[in-house]
Amino acid sequence: MADLEKVYNPTHVEDKWYSHWMDKDYFSADPNSEKEPYTIVIPPPNVTGMLTVGHVLNNTIQDILIRKARMEGKEACWIPGTDHASIATESKVVSMLKEKGISKNDLSRDEFLEHAWEWKQKYGGIIIQQLKKLGCSCDWEKERFTMDESYTKSVLTAFVELYNKGLIYKGHRLVNWCPISKSAISDEEVFHREKNGSLWYLRYNVKDSNEYVIVATTRPETMLGDTAVAVNPNDLRYKHLKGEKILLPIVGREIPIIFDDYVDPDFGTGCVKITPAHDPNDFLIYKNHDLDIINIMNDDATLNQNVPESYTGLSREEGREKVIKDLKVLGLLHKTEDYLNKVGYSERGGVPIEPYLSDQWFMKMDVLAKPAIAAVEDKKIQFHPSHWTKTYNHWMEDIKDWCISRQLWWGHQIPVWYLKKDKSVIHVSVEGPDDVENWVQDPDVLDTWASSWLWPIAVHSWPEESKSLSKFYPTNTLVTGPDIIFFWVARMIITGYEFQKELPFKDVYFTSILRDKTGKKLSKSLGNSPDPFDLFEKFGTDAVRFGVMLMSPQGSDVLFSEDRLEIGRNFMNKLWNACRFVDMNIPRGWDYRTELLESNLNISEKWILSRLTKTIENYNHQLDRFHFNEAAKVLYDFTWNDFCDWYVEIAKLSFYGEDSLKADTARLVSIKCLQTILKLLHPYAPFITEELWQNFKPKNASDLIITQWPSPIDYHNDKIELEISALKNIITAIRGVRSRMNIPNSKPINIYVKCDKEKENFLSRQMSLLKNFTAAEKVFIDQNTKKPANSATVISNGIEFYVPLKGLVDLEKEKKRMKKRLDEIEKLLNSISGKLSNQNFLDRAPEEVISREKNNQEMLTEENEKLIANLEIFE
C-alpha cells in the first residue's frame, strides 16, 4: 500500500485505471452467465460526432447505472456504437470532396460510397475514443455501427417483413423537401423559426368579367403553380361566382373557383389560392376536387420548366421578387403588409424546406403504434420525468404515416428491385433477385431512424437467434434526450412489440437541456458550448462528471456553470485530503480486520454510523427513482459536512490521544465510512475512488469496480443524531462570534451558560467536544447566570451563551473599524440604490449586470445589519 500523494493528480490516475480496467476485461458481459442481466444500449452518437457537454451528462448517467449494477453483482451489459447518420455524413463527405475539387455529381454511386467509407474509417468514431476518456465502462467488444453487415441485414429484414405485411407502400405525395440535401425529410426533422416577412395581397381577375378576387400569400412565387381559388360555400360574398373561372396573372392559365368548408371566411379576404404541389393543406383540397397539380420546383428549389420561360432557373427568392415586380407592373398587387411568419427549416440543411411532390416510400403507423401506446399507458414502460408521457401519447395517438425513403447514397439502400423490361414488376427481398442483371435497385436509402429504431435488437444480430439477444433483451433503462422522443424512443417501442412481442426497455430517463447562464441552449454554433476536454484538463474528469450531475435536476433545464464544476473539483480534493489524513494515522501493518464492537463506540462514532446508515438508504432511494442530482447531494453532504468537517475533526482527539482502544475504534469507524463513501461515489467518480480504494480496501479484496455494493447497515440512532445536531449548532454559533469579532483561534475564550438542569446535563456530557471545538478555556453553567459586560450573546437550542470580549478584542479599535466599514457600506448601498431606481439603467443594462447589483445590495444589507448588532455589544 503506497502513501497517497500530497496533491491529487487526475490525469495520471485516469489513464492508469482505465487501461487497468480494460486489461482486466471488467466491462465485458457474458451471455452465458447465470447472473441477473442489467442492460443499457447507448443512444448511438452520429459517426460524425464529437463529444459535447450534453454527451457528458447523458453518458455519465448511463455509466452510473451500469457501474452500480455491476457492483450489485448483475451481469452488466452496456452496448456502445455509432449511427451512420445518412444526411450528416453525406454532407461531410460532399464537403471533403469539394475541397479536393471533386463534385458528387461527377461520381457514380459506388465511387461516392468508396470515398464515404474511407472518410468513415479515417474520421468516424472519434467520439468512441472520447467516451473512453469520460470513463464509460461499455462492453467495447460489442460495439456496433448501424451499417455493419449484420446490422444492415437486420434493417433490410425489417423492411421486407413490414412490406410483406402490407405496412410499407410507395406513394406520390407531398413531402418536406430539403433543397440542400435534395432529399425528403420527416416532420420531426423540421424546426420552425419566426421570421419577419410580408403578406402580399394579389388581385386575380374573374374571366370575362370586371370582377376580381383578392388572395393573400406569404409566398407569391407559388402562384405560378396555382390550380384553383377556394372560398367557403357559406360565404355569401362569393356565391354568385360559382362555376366561374379565374385568369391566373402572368401565366394566363384558366383556373376554377371552388367551394370548400376548409376555407375560413373570416380570415383575410375569405379567398384562398390553391397550389396543391407546394402546400400540404392545398394538397388535401386538390384530392377532394380533382384539381390539376403542377410542380414548379426543381429538387434544388429553383423554378422548373412548368413556369413561364423568363422565370425558369430562378431561385425561390429571385422568383418571388420577379413575381411582385411583374404584378406591380400589371396593377395586380393590391397591397403589402408586414407579417411575422413561422417558417419551417431543414434541421440539417439549415434552409427553408419546400413542400414537394415526389415518389416516396411510406410506412403505415397507426396499427404499429397501438401496442406501443398501451405499453406506456399501462406503465409497463415508465418515463422519468413522467410528464413526457403526455407528449408521447399526444404524438402517438395522432401518428401519421412515416416517409422512410431518402434521396441519398450513404445509408441502407431500399431492398426493392424493378424489372428492367417492366418497371411495374418489383422484387422485394434481403438478398435481391437471382438474375440481378435483369433488375435495377431502387436508388433511395432508408431514413436513418428506420435503422436506429431497431437498435435494441439489431445490436444482437436479430433476426438470428442468439444467446446475447435472449440474455440482454429487453434492456433495463434507456437514457436519452427528450428531443428524440418521436424520432427514436417511440419507434423503438414499436419495433420491440412488432419483432420481439416484448417491450425494449422498462424505464426511459429523459436528460435535461443544458443552457448557458443567459438561458440559451448550449450549442457549438452559438459558441457557448465548452469543449469537454478543456474541462477535463482544467478540473479532472471525475470533477466534471460529478459537477454536471450535481447541477442536473430531473425534469428541469440545466444552467451550466463552471462554478459547479469547481464544486466537483473541490469535493474530489476534500475527499483526497480526508483519505490522506486518515491513511497517515493508520500505522503500517495495522490489521484492518479488527472487529468493530458497538460497546467500544463513543457518541460521536454512533452518530457518524447512524448518519452513514441514512446516507446509504437515501442515496439508493434517490438513484432508484432516477434523481441523480439528489443522490449526488446526499453523498456530498454526508462526505463534506458530516464526515470531513465534523467526524474527522472529532477523530483527531482519539488519534492523538493516549488511549489505544479509542484510537483503533476511531480508525475502524473512519475506514468503514471511507470504504462506503468510495463504493457509493464510484459510479459518479470512478477514477479517484478506484485509486483511493487501493489504500482502504480489505486485504485481498478485489478492485473497486467489481466490489460488492454497500449493503444496508443498521446503526439507526435518532436520539444521538438529535443530540449531536444540537451540539453542532451551538459550536457553529460560538465559532461565529470568533469570526465576527476577529478573535483568533489561538486565544482561548470563556463561556457563560444560562440553562435549565436538563440542558446542563446535555452540555456536561458533551463538555470535552464543546471546549475543543470552540477553543474554550472554561465553561460556566448556571440557571441564574447574568450576562457579563461587553459580552457577545448566542442563543441556540434554547440555551443562552455569553462570550466576554474584554481582553480578547481591542474594543476601541474594533469600534472604529466597524464604524468605518458601516460608512463604506452606506456609500455602496446608496450607489446601488441609485442605479436600481434609475429606469434608464434598468432598460439598458444587461440582465446579468442588474442581477449582480441586486446580489451585492443583498449581501451589503446583511453585513450592515450584523455590524450594527456587533457594535451594540461594544457600546
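Can you tell me which of (1) more than 29 Å from the chain's Cα centre (by Cα); (2) open to solvent by 60 Å² or more (accessible area, probe 1.4 Å); (3) within 24 Å of residue 403 (Cα to Cα) is the one residue 162 doesn't meet?
Going through (1) more than 29 Å from the chain's Cα centre (by Cα); (2) open to solvent by 60 Å² or more (accessible area, probe 1.4 Å); (3) within 24 Å of residue 403 (Cα to Cα) one by one, residue 162 breaks only (2).
Which of the strands (runs of 3 or more DSSP E) found entirely inside region 177-255 contain at least 2 residues meeting this: crowded, with 16+ Cβ neighbours inside 10 Å and in contact with a Phe, Trp or Tyr (Cβ under 7 Å, 6 or more places away or on another chain)? Walk me through it before giving the result.
On the way: elements: 183-185, 190-206, 212-217, 228-231, 245-247.
Answer list for region 177-255: 190-206, 212-217, 228-231.
Only residues that are assigned to a strand (DSSP E or B) and open to solvent by 40 Å² or more (accessible area, probe 1.4 Å): list them for region 552-581, please.
559
For region 582-600, how many residues are part of a loop (DSSP other than H, G, I, E, B) and of a type outside the set (Phe, Trp, Tyr)?
11
Looking at residue 712 and the list (1) modelled with pLDDT under 90; (2) under 28 Å from residue 628 (Cα atoms); (3) open to solvent by less than 60 Å² (accessible area, probe 1.4 Å), which single condition is not satisfied?
Going through (1) modelled with pLDDT under 90; (2) under 28 Å from residue 628 (Cα atoms); (3) open to solvent by less than 60 Å² (accessible area, probe 1.4 Å) one by one, residue 712 breaks only (3).
State all residues of region 649-674 that are over 37 Å from the mean Cα position of the chain (by Cα) and closer than 16 Å to residue 696 by Cα; if no residue qualifies, say none.
664, 665, 666, 667, 668, 669
Suppose the filter is among the β-branched types (Val, Ile, Thr), open to solvent by less than 10 Å² (accessible area, probe 1.4 Å) and either within 38 Å of the chain's Cα centre (by Cα) or within 18 Å of residue 573 (Cβ to Cβ) (or both); does residue 706 pass it?
For residue 706, the condition - among the β-branched types (Val, Ile, Thr), open to solvent by less than 10 Å² (accessible area, probe 1.4 Å) and either within 38 Å of the chain's Cα centre (by Cα) or within 18 Å of residue 573 (Cβ to Cβ) (or both) - is not met.
Would you say residue 724 is of a type in the set (Val, Ile, Thr), over 14 Å from residue 803 (Cβ atoms) and part of a loop (DSSP other than H, G, I, E, B)?
no
Quick check, is residue 87 within 29 Å of residue 699 (Cα to Cα) and part of a helix (DSSP H, G or I)?
It is false that residue 87 is within 29 Å of residue 699 (Cα to Cα) and part of a helix (DSSP H, G or I).
Among all residue pairs at least 6 apart or on different chains, which show Cβ distances below 8 Å where the first residue, located in region 1-27, is in a helix (DSSP H, G or I) and the second is of a type in the set (A, V, I, L, M) and crowded, with 19+ Cβ neighbours inside 10 Å?
10/543; 10/572; 10/688; 13/688; 21/705
For residues that are outside any loop (DSSP other than H, G, I, E, B) and closer than 29 Å to residue 850 by Cβ, scanning just region 508-535, find the one that is modelled with the lowest pLDDT.
521
Contact list please: Cβ distance under 6 Å, first residue in region 539-554 and in contact (Cβ under 8 Å) with a residue 12 or more places away in the chain, second residue open to solvent by 10 Å² or more (accessible area, probe 1.4 Å) and of a type in the set (Gly, Ala, Ser), pairs at least six apart or on different chains.
Sorted first by the residue in region 539-554, then by its partner, the pairs are 552/512.
Pick out the one residue from 261, 300, 326 that is under 30 Å from residue 484 (Cα atoms), modelled with pLDDT of 90 or more and acidic (Asp, Glu).
Selected residue: 300, the only one of 261, 300, 326 that is under 30 Å from residue 484 (Cα atoms), modelled with pLDDT of 90 or more and acidic (Asp, Glu).
State yes or no: is residue 752 at pLDDT below 95 and in contact with a Pro (Cβ under 8 Å, 6 or more places away or on another chain)?
Criteria met by residue 752.
List every residue pair whose Cβ atoms lie under 7 Å apart, where the two residues are 6 or more positions apart in sequence or sit on different chains, the first residue falls within region 207-236 and is under 18 Å from residue 318 (Cα atoms), and the second residue, located anywhere, is open to solvent by less than 10 Å² (accessible area, probe 1.4 Å) and small (Gly, Ala, Ser).
Going by the 7 Å Cβ cut-off, the qualifying pairs are 221/319; 225/277.
If I ask for residues that are open to solvent by less than 30 Å² (accessible area, probe 1.4 Å) and assigned to a helix (DSSP H, G or I), which ones from region 495-507 would you list?
495, 496, 499
Taking the stated definitions as given, is residue 104 charged (D, E, K, R) and at pLDDT 95 or above?
No; evaluated as a whole, the condition is false for this residue.
Applying the selection to region 587-615, what residues are open to solvent by 10 Å² or more (accessible area, probe 1.4 Å), under 13 Å from residue 651 (Cα atoms), out of contact with any Ser or Thr (no Cβ under 7 Å at 6 or more places or on another chain) and hydrophobic (A, V, I, L, M, F, W, C)?
The one that is open to solvent by 10 Å² or more (accessible area, probe 1.4 Å), under 13 Å from residue 651 (Cα atoms), out of contact with any Ser or Thr (no Cβ under 7 Å at 6 or more places or on another chain) and hydrophobic (A, V, I, L, M, F, W, C): 603.
If you check residue 359 against the conditions, is it under 18 Å from residue 495 (Cβ atoms) and either among the charged types (D, E, K, R) or open to solvent by 50 Å² or more (accessible area, probe 1.4 Å) (or both)? Give the derivation first.
Details: under 18 Å from residue 495 (Cβ atoms): no; either among the charged types (D, E, K, R) or open to solvent by 50 Å² or more (accessible area, probe 1.4 Å) (or both): yes.
When the stated conditions are applied, residue 359 does not pass them.
For residue 59, only one of the following conditions fails: (1) modelled with pLDDT of 95 or more; (2) within 21 Å of residue 88 (Cβ to Cβ); (3) in contact with a strand residue (DSSP E or B) (Cβ under 7 Å, 6 or more places away or on another chain). What is its number?
Going through (1) modelled with pLDDT of 95 or more; (2) within 21 Å of residue 88 (Cβ to Cβ); (3) in contact with a strand residue (DSSP E or B) (Cβ under 7 Å, 6 or more places away or on another chain) one by one, residue 59 breaks only (3).
Among (1) of a type in the set (Phe, Trp, Tyr); (2) open to solvent by 40 Å² or more (accessible area, probe 1.4 Å); (3) in contact (Cβ under 8 Å) with a residue 60 or more places away in the chain, where does residue 151 come up short?
Only one criterion is unmet by residue 151, namely (2).
Hey, any hits in region 616-633 for a residue that's touching a Leu at 6+ places or on another chain (Cβ under 8 Å), open to solvent by 20 Å² or more (accessible area, probe 1.4 Å) and part of a helix (DSSP H, G or I)?
Yes, the conditions are met somewhere in region 616-633.
Select, from 79, 102, 126, 87, the only residue that is of a type in the set (Val, Ile, Thr), open to solvent by 30 Å² or more (accessible area, probe 1.4 Å) and touching a helix residue (DSSP H, G or I) at 6+ places or on another chain (Cβ under 9 Å).
None of the others qualify; the one that does is 102.
Identify, from the list 397, 347, 337, the residue that is of a type in the set (Asp, Glu) and within 24 Å of the chain's Cα centre (by Cα). Reasoning before the result, please.
On the way: 397 fails: within 24 Å of the chain's Cα centre (by Cα); 337 fails: within 24 Å of the chain's Cα centre (by Cα).
Answer to the selection: 347.
Report, by residue number, each residue of region 132-148 that is crowded, with 20+ Cβ neighbours inside 10 Å and either polar (S, T, N, Q) or part of a helix (DSSP H, G or I) (or both).
Passing the criteria: 134, 137, 142, 146.
Working carefully through the options 117, 78, find the one that is of a type in the set (Phe, Trp, Tyr) and in contact with a Ser or Thr (Cβ under 9 Å, 6 or more places away or on another chain).
Just a single option satisfies the conditions, and that option is 78.
The values are calculated or read from the model by the stated rules, or taken from the named source; none is laboratory data. A quick note: this is a predicted structure, and the numbers were derived from the prediction, not measured. We place every Cβ from the backbone using ideal geometry, glycine too, and count neighbours over all the protein chains shown. The area values use the complete protein model at the heavy-atom level, side chains included, leaving out ligands, DNA and RNA. Shrake-Rupley method; radii C 1.70, N 1.55, O 1.52, S 1.80 Å.
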